[in-house]
Amino acid sequence: MVQEISDSPFLWLGQPVLGLLLDMDGTLAETLAAHGEAWEIWTRRRGIGVSRQEYISRYFGRSNRDTMLAIFPELEGDPAAVEELAGEREEIFLEMVDRGLVHPTPGVARLLERAEARGIPCAVASSAPRRNVARVLEAFGLAARLPVCVTMEDVERTKPDPDLFLEAARRLGVAAESCVVFEDSRFGLESGRRAGARTVAVLTLHTEDELRGEADLCVADFDALLDRPEWRNF
């Protein structure tokens, strides 16, 4: 059955939706397990006493720079050393992407298809390195649908600051206040709120109870979003 798309603007929470801004890790891509495993491999090699659970609870969703400096504060002012450490871990993660161990979050392709049919532009706004985003989108066959990608290299401040989402909205040519941000982490949801966007939490990292009051809506995945009465006509 073909989904009929209305010509009228899509309204959510009483306002038109003119753009969709998606985080990558844990949001459009189920990367939590792969990042956790990559972290364990890297910390064993380096002899670093930060567990997988501590990494997920304290650092997942933050930029490599912020994560490395939180663990190695003595590296402040030595960006080359920070980049070397982060690069080692990212190489392990990218090997997992190439092995097919990272998968799209259910319904993300369906969401992008609906957005394209409505003429609503979409962008990725991620604290991850650009090469990670490019590799994941290519693996999922979504690169053509998401040509606008704003990553850690494009802004001075990453999440929880709003810069990534503000820049993504600017590149789409719409106001951030007219966009919906999709995120999985507290850092990302705070970033979306500070950008002035409406926010949807994808529950890959936290429970709904944990995120109560931090997002306008919580959903298990994008299929669950599009099955909700207020989103069925998106």
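The values are calculated or read from the model by the stated rules, or taken from the named source; none is laboratory data. On a predicted model such as this, the values are computed, not experimentally measured, just so you know. Heads up, the Cβs are rebuilt from the backbone with ideal geometry, glycines too, and the neighbour counts pull from every protein chain shown.
Here are the numbers:
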| item | result |
| --- | --- |
| Matching entry among 172, 205 (being among the aliphatic types (A, V, I, L, M), modelled with pLDDT under 95 and closer than 23 Å to residue 110 by Cα) | 205 |
| Only one of 114, 131, 58 that is buried (at least 18 other Cβ atoms within 10 Å of the Cβ) and of a type in the set (D, E, K, R) | 114 |
| Members of region 191-208 found to be surrounded by fewer than 17 Cβ atoms within 10 Å (Cβ to Cβ) and part of a strand (DSSP E or B), listed by number | none |
| Residue check for residue 60: outside the structural domain of residue 189 (by TED's automatic domain parsing) and touching a Leu at 6+ places or on another chain (Cβ under 8 Å) | yes |
| Residue that is among the aliphatic types (A, V, I, L, M) and without any contact (Cβ under 8 Å) to a residue 12 or more places away in the chain, where the choices are 117, 144 | 144 |
| Single condition residue 129 does not satisfy, out of (1) at positive phi; (2) within 21 Å of the chain's Cα centre (by Cα) | (1) |
| From the options 81, 109, 34, residue that is surrounded by 20 or more Cβ atoms within 10 Å (Cβ to Cβ) and assigned to a helix (DSSP H, G or I) | 34 |
| Residue among 137, 146 that is closer than 23 Å to residue 103 by Cβ, in the same structural domain as residue 120 (by TED's automatic domain parsing) and in contact with a Lys or Arg (Cβ under 9 Å, 6 or more places away or on another chain) | 137 |
| Scan of region 146-166 for residues that are outside any loop (DSSP other than H, G, I, E, B) and surrounded by 20 or more Cβ atoms within 10 Å (Cβ to Cβ), ordered by number | 149, 150, 152, 164, 165, 166 |
